[in-house]
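Every number here is computed from the coordinates shown, using simple stated rules; none is lab data. Just so it is clear, the structure is predicted and the values come from calculations on it, not from any experiment. Reconstructed Cβ throughout: ideal geometry from the backbone, glycine too, with neighbour counts over all protein chains shown.
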Amino acid sequence: MTLTTVLVIAAAVWWWHYRRPRHGAGASADARARALRTPLVRLADALGIHTRAGALARRSAAGAAGERRTAARLAPLTREGWHVFHDLALPTGRANVDHLLVSPTGAVFLPDTKRWNADHPVSIRAGRLLHGERDVTGRLDGLHHETATVSRVLGVPVTPLVVMDGPDLHGPHGRRTTRLELHGVTIIPAARITDHLRRQARIPGQRRPADLAAAVERDLPAHTRRHRT
């Protein structure tokens, strides 16, 4: 085997693992993690040197794993007549929609997976979202933007949801709860998201589910196809 052949094979393996486009749940977060893990960052990780890029890559990889777990939980809904989509691009900007669902009655839901440290509970206090004692209300801004944009594209109301993968939810007096509401966003533990959606599916929508699914496929393509890393 010549040196040229070895280099070609090495380049192909590198592209397959780090640069090839991937699609589906968690694809965009995985792409961010791969882009951040440059050879220098991987070397620093191997030497135990902490870098900001390395930390961001680990966070993106954890987020991708959370999105894949949510996708696995949502998968049974397809057998019940739901249309389920993952990792979609918005018409403008570089933001992505983690998951989008159209119920058999035509209701549209936009679940956003949050993979946060399980050591600290999530709660609402004085109209603010807290993770432990840290105010993380601003982390819902992206979800509000995505929901408004998708609603405008499809021409129907869209219900935003946070799928909390990791921490417990605490209600008043620090008691564990299975649901929080803040500024029009419902926050649900990841393990309960499918049951919650089934209950909400009784709400009738404004357009036929098949028409909405066709509009999603036409106007909201896979994020990794529109934005190549």
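In table form, for the structure just shown:
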| item | result |
| --- | --- |
| Fewest-first sequence of F85, F109 by Cβ atoms within 10 Å of each Cβ | F85, F109 |
| The range 54-108 and the range 131-176: distance between their alpha carbon centers, rounded to Å | 14 Å |
| Relative contact order %, the range 156-214, counting alpha carbon pairs below 8 Å whose residues are six or more apart | 33 percent |
| Charge sum, other residues only, whose C-beta stays under 10 Å from R58's C-beta, Lys/Arg counted +1 and Asp/Glu -1 | +1 |
| Surrounding net charge for A213, when Lys and Arg each add one and Asp and Glu each subtract one, Cβ distance under 13 Å | 0 |
